[in-house]
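J.: Have a look at this one before I ask anything.
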């Protein structure tokens with residue numbers, strides 16, 4: 001096989017499709033343990049609350065390409081680098097000339113949530129699980145969600161929109177701790193509270209009760225909460241267990257350089273499975289980064305001098321059923337924060353800058369100019385204008401800026417979230 005891709009999520013599918021475009025005469029095989037590939041995991045909350053039909057989840061449809069083969073429903077058990085082959089769970093092997101590892105992540109499940117045999121406990125990670133939850137929910141509407149990150153918050157917002165009682169538990173003292181400052185997160189918290197989501201911040205799940213084999217209550221911070229459906233959204237870790245004996249892991253991490261190349265010149269990797277080694281180690285964890293990395297890994301496979309990622313950022317965009325939110329990146333040490341706020345309109349916008357360069361920020365309630373601000377952060381130039389003015393949510397803001405920023409007036413596109 002000219003190229004084999006492990007993983008049918010956004011990084012893997014984008015890698016496979018990009019490889020076919022870049023190397024039209026070569027073949028690509030994609031392997032995934034799920035039965036379906038090429039769908040938006042980020043839309044699973046809307047699917048589970050029945051506001052989105054299943055066919056709208058998919059960003060790819062089979063196009064009957066004889067040079068593109070998909071092997072689904074089987075797991076990669078191990079990688080034999082000396083033979084350039086993958087060993088699959090059905091006992092078969094797949095040879096490769098070049099390999100892209102885009103195996104994604106596996107959910108973190110607190111020990112108390114993993115009690116065997118209790119029905120009504122779900123992760124928000126796969127279409128198979130989402131289908132089960134979609135059927136289960138109407139008869140078991142008292143919901144508890146463990147984890148106040150992007151997945152947990154979005155799931156809470158969309159379930160609450162259907163008048164489903166929801167309690168959201170987050171161990172930190174504010175929601176979205178890996179994405180927002182406490183000030184920016186406050187608007188998201190107020191939005192959920194207005195939609196009758198109960199928040200237990202600074203709390204962890206301590207115990208579970210069941211009745212007739214199904215979950216009935218959970219204990220958090222000393223109090224019992226009725227629970228007939230439990231969603232575990234406590235984050236994920238890279239799924240690289242099949243690489244344990246491959247020699248590719250360093251302290252359990254699959255490390256790549258900015259060209260997404262591993263220590264094996266024939267193997268590249270992308271998405272949630274990887275740790276990018278720069279001055280500091282960087283783990284992507286966002287949909288847009290995974291898509292870009294999949295595309296770049298594919299283009300680099302047969303290049304004598306691979307290209308490097310131009311930007312390492314954790315940008316993400318989402319809508320919490322009525323509250324728009326764009327994350328440009330959490331603050332870095334030594335950064336100065338600039339803020340624009342309009343409490344009456346439910347707007348909070350902040351940027352973090354170091355030496356006149358944007359290094360992070362968040363737009364909550366009004367995402368005007370989000371694409372242009374992200375682009376400005378990516379190019380890394382010093383900004384010769386007042387940051388306070390830059391934060392004002394006015395479309396004409398960039399039109400008044402100096403010629404050095406004129407290129408930012410082009411339309412910027414965000415990937416779906």
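The values are calculated or read from the model by the stated rules, or taken from the named source; none is laboratory data. What you see is a predicted model; the values in this text were computed from it and never measured. Because the Cβ atoms are built from the backbone with ideal geometry, glycine has one as well, and the counts that use them run over all protein chains shown.
J.: Given the conditions (1) surrounded by fewer than 20 Cβ atoms within 10 Å (Cβ to Cβ); (2) within 20 Å of residue 317 (Cα to Cα), report the number of the one that residue 354 does not fulfil.
T.: (2)
J.: Moving on. Restricting the stretch 297-314 to residues that are touching a helix residue (DSSP H, G or I) at 6+ places or on another chain (Cβ under 8 Å) and touching a residue at least 60 places away in the same chain (Cβ under 8 Å), which is surrounded by the most Cβ atoms within 10 Å (Cβ to Cβ)?
T.: 297
J.: If you go through the stretch 75-89 one residue at a time, do you hit one that is modelled with pLDDT of 95 or more and within 24 Å of the chain's Cα centre (by Cα)?
T.: So far as the stretch 75-89 goes, yes, one or more of its residues are modelled with pLDDT of 95 or more and within 24 Å of the chain's Cα centre (by Cα).
J.: Quick check: is even one residue across the stretch 379-393 touching a residue at least 40 places away in the same chain (Cβ under 8 Å), under 22 Å from the mean Cα position of the chain (by Cα) and either under 15 Å from residue 327 (Cα atoms) or surrounded by 15 or more Cβ atoms within 10 Å (Cβ to Cβ) (or both)?
T.: no
J.: Is it the case, given these coordinates, that residue 341 is out of contact with any helix residue (DSSP H, G or I) (no Cβ under 7 Å at 6 or more places or on another chain), outside the structural domain of residue 150 (by TED's automatic domain parsing), surrounded by 15 or more Cβ atoms within 10 Å (Cβ to Cβ) and not in a helix (DSSP H, G or I)?
T.: Taking the combined requirement at face value, the residue satisfies it.
J.: Taking the residues in the stretch 112-139 that are assigned to a strand (DSSP E or B) and touching a helix residue (DSSP H, G or I) at 6+ places or on another chain (Cβ under 7 Å) as candidates, determine which candidate is surrounded by the most Cβ atoms within 10 Å (Cβ to Cβ).
T.: 121
J.: Of all residues in the stretch 232-269 being assigned to a helix (DSSP H, G or I) and touching a strand residue (DSSP E or B) at 6+ places or on another chain (Cβ under 7 Å), which is nearest to residue 167 (Cα to Cα)?
T.: Within the stretch 232-269, the match that is nearest to residue 167 (Cα to Cα) is 242.
J.: OK, next. Answer yes if at least one residue in the stretch 43-64 is free of Cβ contacts under 8 Å to residues at least 12 places away in the same chain, in the same structural domain as residue 241 (by TED's automatic domain parsing), more than 28 Å from residue 123 (Cβ to Cβ) and surrounded by fewer than 17 Cβ atoms within 10 Å (Cβ to Cβ), and no otherwise.
T.: yes
J.: Can you tell me which residues in the stretch 365-386 are more than 19 Å from residue 184 (Cα to Cα) and in a loop (DSSP other than H, G, I, E, B)?
T.: Across the stretch 365-386, the qualifying residues are 380, 381, 382, 383, 384, 385, 386.
J.: Residue 142 fails exactly one of the following numbered conditions: (1) crowded, with 19+ Cβ neighbours inside 10 Å; (2) in the same structural domain as residue 173 (by TED's automatic domain parsing); (3) in contact with a strand residue (DSSP E or B) (Cβ under 6 Å, 6 or more places away or on another chain). What is the number of that condition?
T.: Condition (1) is where residue 142 drops out.
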